[in-house]
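Each remark here refers to the structure printed beneath this line.
Every number here is computed from the coordinates shown, using simple stated rules; none is lab data. Keep in mind it's a predicted model, so treat the numbers as computed, not measured. Cβ atoms come from the backbone with ideal geometry, glycine included; neighbour counts cover every protein chain shown.
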């Protein structure tokens, strides 16, 4: 859904040569939707948790396509879109810090 302030921005604000990138936040919240979707298809919770990442990618892609469709009709549409999920970054940071800690602890 495009809010009034967003409609006004993309219709009236010419940013010149500065590209506007839309950040699709809370994309990692779709994990629950993906798990629920798989469980509704008869999977156990454990199997649904393992298969959720692939379904989540599809849900995120569908959301991206919808938002892009809504915004491309405005006079000054965004140049690009980025879906933000914290899980990958957090997992990377934790595993990276853990590896460095273990390496330095020897």
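One decimal place: the segment residue 43-residue 57 gains 3.2 nm when fully extended, by the rule 0.36 nm per residue minus the C-alpha distance. Using the count of nearby Cβ atoms within 10 Å as a rough guide to exposure, how do 83, 44 rank from fewest to most? The fewest-first ordering by Cβ neighbours comes to 44, 83.
Listed from fewest to most Cβ neighbours within 10 Å, the set 25, 31 follows the order 25, 31. Footprinting exposure proxy ranking of 76, 10, fewest other C-beta atoms within 10 angstrom first, gives 76, 10.
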